[in-house]
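The values are calculated or read from the model by the stated rules, or taken from the named source; none is laboratory data. Quick caveat: nothing in here was measured; it's all calculated off a predicted structure. Glycine gets a Cβ as well: all are built from the backbone with ideal geometry, and neighbour counts include every protein chain shown. The area values use the complete protein model at the heavy-atom level, side chains included, leaving out ligands, DNA and RNA. Shrake-Rupley method; radii C 1.70, N 1.55, O 1.52, S 1.80 Å.
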Amino acid sequence: MNVLVLGSGGREHALAWAISRSPDVKRLYVAPGNGGTAAVAKNVALDTEDLDAVLEFALDNAVELTIVGPEAPLVAGIVDRFRDAGQRCFGPSQAAARLEGSKVFAKEFMKRHGVPSAEFAVFDEPQAAKARVSDLGFPVVIKADGLAQGKGVVVAESSEQAISALDEIMVRKKFGDSGSRVIVEEFLRGEEVSIHSICGGGRAVMLPTSQDHKRIFDRDRGPNTGGMGAYAPVPFVTAKQRDAIYETVVKRTLTGMEKEGNPFTGVLYAGLMMTDAGPKVLEFNVRFGDPETQALLPLMKSDLLRLLFESTNSAPPETVDFHGDRFAATVVVASQGYPGAYKKGETIEGLSDIETPQRVVFHAGTKRDGQRWVTTGGRVLAVTAWEPGLAAAIKSTYEGVKRVKFSGAYWRTDIGKKAL
Ligand code: AMP
Ligand code: GLY
């Protein structure tokens, strides 16, 4: 079949890499893609938020399955548009995508259906929010309701910090309309773990657990980024905890969405805090995580394309096969200055000397310029390696990372360290 992947990051390169190995794929397109996706697919210059243009491309090129990487087209209703035109698009409807698109919707939904999560209050007026911001004690977490590229969350240690965050979000509108409403939320303690489930037809199959590293500097310091590295599976999550995640988070969410008339199809990504009282949801995403996907897909034995096709068409199979003894680690190489301002156009060297049968490079912000590779983004590329043990996977990943050469190349040196 002909397949279209939407997006341009490392996640999309990993998706295209896995799909390109499927015996079912005929033509594989990535829009807009990056320097790396061009090696496994045909890049197409499309704006992924221009739903008309994307649909027209899919119709004109007999695309049988479109897979959406980023959240924006999902929240904008691409799946509904495709369905109305008789096209298969892997992902949730616009109504179901509110689990990511509106944090207020997600919190109220979880409360209605007994999905464990932090205590919270919702405010649409800054005065009321400020008056009540001390109710849950400190630290307290303040979240803008809408999409804010992962930046709309502030952990405030004092009422001064909380009030200044409320001013930034609600009064100065740092995230525009996304900050018209805020959530003030109880601070949870524990280890963070992500779980991805592939959903369709009322069924969910969980992928292995993974852990992201959101802060820019080692030991989780500095500002939040899109993610600086990941590993999977997370060795300290027990089978019993996985069962609890399935029963209390995944199943209740799926059943709740179905009951409310918004059945969920696509990837449900739950960001969890493993607290003493069990797993609690920090956030939902309705798409694959980046960089987690880059660590998860090399663990998968089943054919990804078939899995996504069947989930869209009817339901995922009851089980998905993984290489049980395999661990994968992903380390992102970023441009100096990211997540703030950074330079573009640096020549990248060393890429031909990294890949092995158990190590790959997934590109994010790169392009080919004649015979050269050059940087075009903050997160430039990531190296992923897999081995029978986590320590070996991390070691191999860093051996690859050290061969990447460009002016200002930066990476964290402690990806996965907490799990060893
Ligand atoms: P979110 O985008 O909601 O996942 O929040 C971004 C980050 O803020 C999370 O990955 C956590 O590190 C942190 N965070 C969010 N909510 C809470 C909470 N209730 N308690 C503690 N940390 C939180
Ligand atoms: N890695 C975090 C995210 O994809 O949202």
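For the range 368-377, the count of residues that are part of a strand (DSSP E or B) and open to solvent by less than 30 Å² (accessible area, probe 1.4 Å) is nonzero. Pairs are defined by a Cβ separation below 8 Å, a sequence spacing of at least 6 or placement on different chains, a first member in the range 204-227 that is within 17 Å of Gln241 (Cα to Cα) and touching a residue at least 24 places away in the same chain (Cβ under 8 Å), and a second member that is part of a strand (DSSP E or B) and open to solvent by 20 Å² or more (accessible area, probe 1.4 Å); the pairs so defined are Leu207/Met300; Leu207/Phe322; Pro208/Phe322; Gln211/Glu191; Gln211/Glu192. Of the residues making up the range 129-147, those that are within 19 Å of Glu108 (Cα to Cα) and surrounded by 13 or more Cβ atoms within 10 Å (Cβ to Cβ) are Ala129, Val133, Leu136, Val140, Val141, Ile142, Lys143, Ala144, Asp145, Gly146, Leu147. Candidates are the residues of the range 290-330 that are assigned to a helix (DSSP H, G or I) and either surrounded by fewer than 17 Cβ atoms within 10 Å (Cβ to Cβ) or in contact with a Pro (Cβ under 8 Å, 6 or more places away or on another chain) (or both); the one that is modelled with the lowest pLDDT is Asn313. Among the residues of the range 221-241, at least one is in contact with a Leu (Cβ under 7 Å, 6 or more places away or on another chain) and within 16 Å of ligand 2 (Cβ to nearest atom).
Output yes when any residue across the range 340-348 is open to solvent by less than 20 Å² (accessible area, probe 1.4 Å) and either touching a Lys or Arg at 6+ places or on another chain (Cβ under 9 Å) or part of a strand (DSSP E or B) (or both), and no when none is. Yes, the range 340-348 has at least one match. Being surrounded by fewer than 24 Cβ atoms within 10 Å (Cβ to Cβ), within 12 Å of ligand 2 (Cβ to nearest atom) and of a type in the set (Lys, Arg) is a description that does not apply to Lys251. The set of residues from the range 233-289 being part of a strand (DSSP E or B) and of a type in the set (Ser, Thr, Tyr) comprises Tyr269, Thr275. Within the range 51-100, the set of residues being outside any loop (DSSP other than H, G, I, E, B), of a type in the set (Lys, Arg) and either crowded, with 18+ Cβ neighbours inside 10 Å or modelled with pLDDT under 95 (or both) comprises Arg98 only. Among residues of the range 263-309 being among the hydroxyl-bearing types (Ser, Thr, Tyr) and within 14 Å of ligand 1 (Cβ to nearest atom), the one that is nearest to His113 (Cα to Cα) is Tyr269. Reported count of residues in the range 172-201, each being more than 16 Å from ligand 1 (Cβ to nearest atom) and modelled with pLDDT under 95, is 5.
Considered as a group, the residues in the range 218-232 that are in contact with a strand residue (DSSP E or B) (Cβ under 9 Å, 6 or more places away or on another chain) and more than 12 Å from ligand 1 (Cβ to nearest atom) include one that is farthest from Gln336 (Cα to Cα), and that residue is Ala232. Could you list, in sequence order, all residues of the range 387-397 that are surrounded by 24 or more Cβ atoms within 10 Å (Cβ to Cβ) and either touching a Gly at 6+ places or on another chain (Cβ under 8 Å) or among the hydrophobic types (A, V, I, L, M, F, W, C) (or both)? Ala393, Ile394 - these are the residues of the range 387-397 that are surrounded by 24 or more Cβ atoms within 10 Å (Cβ to Cβ) and either touching a Gly at 6+ places or on another chain (Cβ under 8 Å) or among the hydrophobic types (A, V, I, L, M, F, W, C) (or both).
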